[in-house]
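The values are calculated or read from the model by the stated rules, or taken from the named source; none is laboratory data. Since the structure is predicted, the reported quantities are computational estimates derived from the model, not experimental observations. Heads up, the Cβs are rebuilt from the backbone with ideal geometry, glycines too, and the neighbour counts pull from every protein chain shown.
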Amino acid sequence: MRPFKLDERLLMGIQKIDQQHNQFVDLLNRMVVSLHHPYAEEEMEHLIIELSDFARHHFDTEEELLRDINFPKIRDHSIAHIRFDNKVKIFSDSLLVQNTNFDQFVLFNFKWLENHIKSFDTDYYKYVTKHNLLDDLKKKFAL
Ligand SMILES: [Fe+2]
Ligand SMILES: [Fe+2]
């Protein structure tokens, strides 16, 4: 499997969010590397825990941003995040039982992230630009 890369058009110019999206992809790429190691299963278990913790951290940051801007669709967005948390949990539980299909798991994560940014995250980004909130957010969510 080749390393994943996020399309640059998906960057928002809000440093913390962009950096977290890229870190998310970096973690998935570490998983891809791990797939080729002889002791992949144990490594993958650690990486899956790291991924679900990191995803939650990113979702918390983003939901804070959405509250800051009084985003009207915050509930739907938060539900999409929770659904992802749950899917990762279900998937990782089944992986730990069967010890297979790690590549499917990694691919699912990347596709989910890409689609989520293209739909849900882009949706709040449009709201941000429409209401001239981008400069404030760039300051508040700088690194
Ligand atoms: Fe999101
Ligand atoms: Fe996001």
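Determine if the stretch 27-40 includes at least one residue that is among the hydroxyl-bearing types (Ser, Thr, Tyr), over 15 Å from LYS111 (Cα atoms) and assigned to a loop (DSSP other than H, G, I, E, B).
yes
Can you confirm whether MET44 is assigned to a loop (DSSP other than H, G, I, E, B) and either surrounded by 15 or more Cβ atoms within 10 Å (Cβ to Cβ) or acidic (Asp, Glu) (or both)?
No; evaluated as a whole, the condition is false for this residue.
Can you name the condition, by its number, that ALA80 falls short on among (1) aliphatic (A, V, I, L, M); (2) within 23 Å of GLN15 (Cβ to Cβ); (3) in contact (Cβ under 8 Å) with a residue 60 or more places away in the chain?
Here ALA80 meets the rest and fails (3).
Being farther than 13 Å from LYS89 by Cβ and hydrophobic (A, V, I, L, M, F, W, C) is the filter here; which residues of the stretch 43-58 pass it?
MET44, LEU47, PHE54
In the stretch 73-88, what residues are within 11 Å of ligand 2 (Cβ to nearest atom) and either outside any helix (DSSP H, G or I) or within 14 Å of TYR124 (Cβ to Cβ) (or both)?
Answer for the stretch 73-88, where residues must be within 11 Å of ligand 2 (Cβ to nearest atom) and either outside any helix (DSSP H, G or I) or within 14 Å of TYR124 (Cβ to Cβ) (or both): HIS77, ALA80, HIS81.
Okay, residues lined up against (1) assigned to a helix (DSSP H, G or I); (2) not hydrophobic (A, V, I, L, M, F, W, C):
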residue	(1), (2)
MET1	no, no
PHE24	yes, no
ILE49	yes, no
THR61	yes, yes
PHE71	no, no
ILE90	yes, no
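Identify the single condition in (1) over 17 Å from ARG30 (Cα atoms); (2) away from ligand 2 (no atom under 15 Å from the Cβ); (3) of a type in the set (Phe, Trp, Tyr) that PHE141 does not satisfy, given that it satisfies every other one.
Of the numbered conditions (1) over 17 Å from ARG30 (Cα atoms); (2) away from ligand 2 (no atom under 15 Å from the Cβ); (3) of a type in the set (Phe, Trp, Tyr), the odd one out for PHE141 is (2).
Filter the stretch 70-122 down to residues that are surrounded by 14 or more Cβ atoms within 10 Å (Cβ to Cβ), of a type in the set (Ser, Thr, Tyr) and more than 11 Å from ligand 1 (Cβ to nearest atom), then give me how many there are.
Counting residues in the stretch 70-122 that are surrounded by 14 or more Cβ atoms within 10 Å (Cβ to Cβ), of a type in the set (Ser, Thr, Tyr) and more than 11 Å from ligand 1 (Cβ to nearest atom) gives 1.
Residues to consider are ARG56, ARG9; find the one that is assigned to a helix (DSSP H, G or I), of a type in the set (Lys, Arg), surrounded by 12 or more Cβ atoms within 10 Å (Cβ to Cβ) and away from ligand 2 (no atom under 11 Å from the Cβ).
Result: ARG56 is the single residue among ARG56, ARG9 that is assigned to a helix (DSSP H, G or I), of a type in the set (Lys, Arg), surrounded by 12 or more Cβ atoms within 10 Å (Cβ to Cβ) and away from ligand 2 (no atom under 11 Å from the Cβ).
I'm trying to understand the selection: among the residues of the stretch 28-64, which are touching an Asp or Glu at 6+ places or on another chain (Cβ under 9 Å) and either within 16 Å of ligand 1 (Cβ to nearest atom) or at pLDDT 95 or above (or both)?
Result: SER52, ALA55, ARG56, PHE59, GLU62.
Could you run through the stretch 125-143 and say how many residues are of a type outside the set (A, V, I, L, M) and not in a helix (DSSP H, G or I)?
Within the stretch 125-143, residues that are of a type outside the set (A, V, I, L, M) and not in a helix (DSSP H, G or I) number 3.
Do the conditions hold for HIS37, that is, is it of a type outside the set (Phe, Trp, Tyr) and over 18 Å from the mean Cα position of the chain (by Cα)?
yes
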